[in-house]
Amino acid sequence: MTSDEIPRDRVRDPVIEADGVRRSYAGGFEAVTGVSFSVARGELFALLGTNGAGKTSTVELLEGLARPDGGAIRVLGHDPYTDRAAVRPRIGVMLQEGGFPSDLTAAETVRMWAGCTSGARPTAEALELVGLGHRAGVRVKQLSGGERRRLDLALALLGRPEVLFLDEPTTGLDAEGRRDTWELVRGLKEEGITVLLTTHYLEEAEELADRLAIMHRGRIVTAGTPAEVTAARPARVRFELPEGVEPARLPLGLHAAADGRRIEIRTHRLQESLTELLHWAAESRVLLTGLDARSASLEEAFLDIAKSAAETEEVTVS
């Protein structure tokens with residue numbers, strides 16, 4: 001689904017709404033070009049894009065850190081910039097970099113932040129929530145990069161937010177830490193918290209997002225559920241043929257591409273194509289080594305979309 005096809009009344013009970021939003025910087029550079037989407041209560045919406053796509057610029061507008069140059073934004077029914085006092089106590093923000101005083105301990109950092117937060121959780125609860133309870137007395141400068149990201153998340157959750165903005169939340173985490181964070185975010189969703197996520201880990205978006213939008217050069221080029229975004233991309237089947245079996249023997253209907261004995265088939269009819277391939281292999285008594293069949297991943301869809309958008313721009317410019 002392209003940005004032009006995204007309906008205005010996309011969700012019921014929207015908590016976040018962006019309608020034709022634009023943002024420009026000095027020199028006339030337009031980082032966000034008429035972006036429109038909305039996020040329902042209790043939904044996790046992922047905003048994806050290539051570097052420089054405008055994700056961070058968009059999220060900063062939603063957080064009320066800047067005023068849009070065009071269009072309208074509503075968060076919890078308010079303009080997050082002009083009605084900041086009404087919005088700020090009800091949202092949590094996890095930035096890409098917290099920038100905490102390095103000589104404070106994790107617990108001291110939380111207590112300092114709690115002094116500026118309405119209805120803050122107890123310090124111990126906030127640290128336990130993100131798996132840092134045992135590191136409460138450790139100075140920030142002695143925490144690992146992944147632990148600092150967990151501290152960032154603890155502070156974003158400190159005020160028990162209704163809406164949570166997560167900007168690259170698992171950067172620097174190892175695989176176990178990333179999975180633990182995913183489980184925490186899923187739990188927050190179950191509590192009814194609305195989450196807007198930006199991430200470079202496409203597996204993360206595929207695992208967590210109810211819906212997502214992919215940005216390129218300041219605009220949304222496609223949006224929908226992860227399944228809807230990937231469904232438009234072909235599935236693939238890969239395998240190797242044994243010595244002496246030429247790729248030309250494969251059924252013509254499979255449209256196979258060969259690199260020596262390595263074969264790749266791209267298809268929008270995965271079950272039918274795989275059935276045809278296996279039937280041929282059985283009849284021909286051919287062993288298909290390393291057979292692997294799978295639907296398109298979000299990563300494949302993302303790269304395909306980014307490439308298509310860039311090629312369209314080149315054609316337009318030329």
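The values are calculated or read from the model by the stated rules, or taken from the named source; none is laboratory data. Predicted model only: the values in this text are computed from it and were never measured. Here the Cβ is made from the backbone with ideal geometry for all residues, glycine too, and neighbour counts use every protein chain on show. For accessibility, only protein heavy atoms count, side chains too; no ligands or nucleic acids. Shrake-Rupley method; radii C 1.70, N 1.55, O 1.52, S 1.80 Å.
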Karplus-derived 3J(HN,Hα) from phi for region 124-132 (6.51 cos²θ - 1.76 cosθ + 1.60, θ = phi - 60°), whole Hz, x at Gly and Pro, runs 4, 4, 4, 6, 5, 4, 10, x, 10
Net charge near Gln142 (other residues with Cβ under 12 Å of its Cβ; Lys, Arg +1; Asp, Glu -1) is +2
For the chain, the longest principal axis of the Cα atoms and the Cα long axis of helix 270-284 enclose an angle in degrees, to the nearest 10, of 30 degrees
Cβ-Cβ cut-off under 14 Å around Arg22, Lys and Arg +1, Asp and Glu -1: the net charge is 0
Output ordering of 61-70, 34-43 (per-residue mean of other Cβ within 10 Å, highest first) is 34-43, 61-70
For the chain, the per residue accessible area (1.4 Å probe, Å²) is 50 Å²
Of the candidates Gly92, Leu44, Thr117, the farthest towards the positive dipole end of region 37-196 (Lys/Arg Cβ +1, Asp/Glu Cβ -1, centred on the Cα centre) is Thr117
Carbon/sulfur accessible area of the chain, % of total, 1.4 Å probe, equals 49 percent
Most packed first (mean Cβ within 10 Å per residue), the peptides 24-31, 87-94 order as 87-94, 24-31
